[in-house]
1. Helix 10-19 versus the longest principal axis of the chain: what angle, 0 to 90°, nearest 10, using Cα atoms?
2. Any idea what Rg and Dmax come out to for segment 91-136 if you just take the C-alpha atoms, in Å?
3. Which ³J(HN,Hα) values in Hz, rounded to whole numbers, follow from the phi angles of segment 46-57 under the Karplus curve 6.51 cos²θ - 1.76 cosθ + 1.60, where θ = phi - 60° and Gly and Pro get x?
4. How about segment 86-172: which chymotrypsin sites (Phe, Trp or Tyr not before Pro) there lie in a loop by DSSP and see at most 16 other Cβ atoms within 10 Å?
5. Using a 1.4 angstrom probe on the protein heavy atoms only, could you order Asp68, Asp94, Asp124 from most to least accessible area?
6. Helix 94-105 sits at what angle to the longest principal axis of the chain, using alpha carbons and giving 0 to 90 degrees rounded to 10?
7. Let's see if you can work this out: charge +1 on each Lys and Arg Cβ, -1 on each Asp and Glu Cβ, no other charges. What is the dipole magnitude of the chain about its Cα centre, in debye to the nearest 20?
8. Semi-axes, largest first, in whole Å: what does sqrt of 5 times each Cα gyration tensor eigenvalue give for segment 84-190?
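The values are calculated or read from the model by the stated rules, or taken from the named source; none is laboratory data. Because the structure is predicted, anything quoted here is derived from the model rather than measured. We place every Cβ from the backbone using ideal geometry, glycine too, and count neighbours over all the protein chains shown. Surface accessibility is based on the protein's heavy atoms, side chains included, excluding ligands, DNA and RNA. Shrake-Rupley method; radii C 1.70, N 1.55, O 1.52, S 1.80 Å.
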Amino acid sequence: MELVFATQNRNKAAEIQRLMPEGIEILTLQDIDCNDDIPETAPTLEGNAQIKARWIAEKYKVNCFADDTGLEVEALNGEPGVLSARYAGEARSDEANMNKVLGLLNESTNRKARFRTAICLILDNEEHLFEGIVTGEIRPEKAGDSGFGYDPIFEPEQIGKTFAEMTMDQKNERSHRARAFQKMISYLSN
Ligand code: IMP
């Protein structure tokens, strides 16, 4: 079976392909000649994953899945959340986004935060939602230079390192995205 991953990112797709049960071939949006700029206008991560998956399933008549991820900071009432990519503006700058979070938290003692990934899978026109969460804290200062996005300011619980101080394998073992994908994969394996 072919399963379209609503992403242009071949690396993300290759990562998932390695984990898939035998007989499932992952395609990207390039593989189906889709260059659409799909609007992500929902107020929730699940809603955005649904918009993307429904768009692809309806237009291209394929089985597919889409994901959406956000950093949710408790003292900021769950922000940046769905706004994570462009929290500090349309330039989508990781540095500016992190600086905004650090500035808003200032000296707040509640530094609790989590990354959350939502996946919407559409299989034979039926929708399935999966969620992956990793809880942790926002560091007062950036640390580490691997990864991307908010990795330098997020320290997962009980690790003592930010995501940006871990190797890609260490991060992938426990990340929100890995957890959400594992749930989808075990569903597809059964
Ligand atoms: P997306 O839904 O995967 O495109 O993620 C939206 C935004 O959330 C990204 O642009 C990043 O700012 C942030 N983000 C998503 N995943 C991660 C992660 O694993 N580490 C750090 N930031 C992330």
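1. Rounded to the nearest ten degrees, it is 80.
2. Cα only, segment 91-136: 16.3, 50 Å (Rg, Dmax).
3. Once rounded to whole Hz, the list reads 4, x, 5, 5, 5, 4, 5, 5, 5, 4, 5, 5.
4. Phe148
5. Output order, biggest surface exposure first: Asp124, Asp94, Asp68.
6. 50
7. Working: 22 positive and 33 negative charges, 58 e Å.
Here the size comes out at about 280 debye.
8. 28, 16, 12
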